[in-house]
Amino acid sequence: MKAIVCQQPYRLDIVERAAPTVGLGEVLVRIRRVGLCGTDYHIYAGRHPYLSYPRVMGHELAGEVEHAPVGSTFSPGQRVAINPYLSCGTCVACRKGKPNACVTISVLGVHADGGMCELLAVPESAVIDVAGLSLDQAAMIEFLAIGAHAVARAALSAGDQVLVVGAGPIGIAAGLFAQLSGARVTLIDTRAARLDFARAALGFDDTVAVDEDIAAALAARTGGAMYDAVFDATGVLAAMTQSLAYVAHGGKLVLVGVAPGDLVFADPEFHKRETTLLASRNALASDFAHVIASITAGHIPIDALHTHSFDADDMPTRLPQLIAEADHVLKAIARF
Ligand SMILES: [Zn+2]
Ligand SMILES: [Zn+2]
């Protein structure tokens with residue numbers, strides 16, 4: 001089979017590889033769509049902290065069942081998505097029902113070879129039926145699930161005022177699911193193009209460009225109180241630190257993006273709010289199910305999120321172009 005291998009930073013090769021051997025309890029999936037995200041761009045550019053090369057990227061995956069084990073609930077030809085977070089099932093986090101934070105988590109396309117190939121064998125527990133969705137829609141479940149998980153972590157109440165910092169795919173996903181929870185959402189970003197797209201195509205009605213007056217603009221929107229919950233989806237330390245100033249007294253700060261380095265808050269600022277600080281990592285099976293139900297119910301502008309498509313054979317040339325055009329790309333999906 002063909003596979004797209006990131007041999008080293010800035011080098012993608014399409015190579016011929018043996019088809020995977022299918023282990024006990026595994027489903028063989030014929031990959032049809034792979035969504036791209038910041039993680040892939042970081043791997044390609046050599047900026048991912050825990051990555052060893054060569055690596056087959058691809059963790060936003062949709063395809064069709066090629067072969068299922070005897071007794072499986074899946075059958076050949078069935079349209080599926082894949083939960084790429086493979087967990088051990090026995091560690092302290094897994095025992096608490098938090099396999100998204102498994103001590104030895106292996107994310108397909110990051111820690112292990114992923115889906116930029118023709119066939120992928122995965123545990124049946126990672127395979128998700130998406131019969132009612134198109135392949136393109138199914139390839140967008142994973143990044144939406146990350147946003148849905150962050151919103152679930154925050155346990156929002158209807159009418160909450162929510163601020164989302166960063167209007168990339170994850171921030172957009174968090175904003176959409178916060179709205180579904182009944183929150184009023186303000187979206188901020190340094191990039192005007194992202195905010196224009198969020199307003200015009202995705203239905204966000206309150207966006208603010210980050211400039212020197214941002215704090216005053218946010219205070220004005222909240223009667224001076226600031227926000228019940230602030231979601232950081234930048235993964236930029238300076239933005240994450242600044243976000244505390246936008247949390248209301250009694251509010252929550254949810255860190256969705258991850259940044260290399262130390263995050264430092266002034267304790268009086270943190271303490272006087274009695275801030276609830278939450279990290280949000282990956283997503284749970286329940287988040288995937290919530291995303292699928294929300295798409296099916298028509299609550300997510302799913303097709304508008306999908307801004308770019310191309311053939312997998314063009315990956316070596318298209319990936320660098322998409323990185324260069326990132327301000328104008330929400331979700332790019334490769335066809336396999
Ligand atoms: Zn991703
Ligand atoms: Zn575990």
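Each value in this text was obtained by applying a stated rule to the coordinates, not by laboratory testing. What you are looking at is a predicted structure, and each value in this text was computed from that prediction instead of being measured. Counting neighbours? That spans all protein chains shown, and the Cβs are built from the backbone with ideal geometry, glycine included.
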Problem - Listed residues 270, 143, 197, most fluctuating in the chain (Gaussian network, C-alpha, under 10 Å) - result: 270
Exercise for the section: State the extension gain, in nm to one decimal, for the chain segment bounded by residue 1 and residue 125, taking 0.36 nm per residue of separation less the distance between their alpha-carbons. Expected result: 42.2 nm
Exercise for the section: Can you tell me which of 171-181, 318-328 comes out highest on packing, and rank the rest after it, using the mean Cβ neighbours within 10 Å? Expected result: 171-181, 318-328
Handout entry: Distance histogram for the stretch 181-336 (every C-alpha pair counted, 5 angstrom bins, percent rounded to whole numbers)
Key = 2, 7, 13, 16, 19, 18, 13, 7, 3, 2, 0
Handout entry: For the chain, convex hull of alpha carbons as volume per residue, Å³
Key = 134
Completion exercise
Residue span residue 263 to residue 134: 0.36 nm per residue of separation minus Cα-Cα distance leaves a gain in nm of 42.4 nm
Exercise for the section: Would you list which aspartates and glutamates come within 16 Å of residue 98, measuring only between C-alpha atoms, while excluding same-chain residues fewer than 8 positions from it? Expected result: 287
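Let me check I have the definition right: for the stretch 1-100, take the eigenvalues of the Cα gyration tensor, multiply each by 5, take square roots. What are those semi-axes in whole Å, largest first?
26, 21, 12
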Practice task
Pop the C-beta distance of residue 8 and residue 321 into the FRET formula with R0 = 25 Å and round what comes out to the nearest 0.05.
Solution key: 0.80
Completion exercise
Under the 7 Å Cα-to-Cβ spin-label approximation, residue 103 and residue 50 lie apart by a distance in nanometres of 1.4
Exercise for the section: For residue 220 paired with residue 155, estimate the spin-label separation in nm (one decimal), with each label point 7 Å from Cα along the Cα-to-Cβ line. Expected result: 3.5
Practice task
For n ≥ 4 DSSP H runs only, could you compute -39500 (n - 2.57) per run for the chain, divide by its residues and tell me the 222 nm figure to the nearest 500?
Solution key: -8000 deg cm²/dmol
Fill in the blank from the handout: Under the 7 Å Cα-to-Cβ spin-label approximation, residue 191 and residue 249 lie apart by a distance in nanometres of 3.8
Handout entry: Per-pair calculated FRET efficiency, R0 = 35 Å: residue 75 and residue 180 via Cβ, rounded to 0.05
Key = 0.65
Handout entry: Gap separating the Cα centres of the stretch 169-195 and the stretch 241-311, nearest whole Å
Key = 10
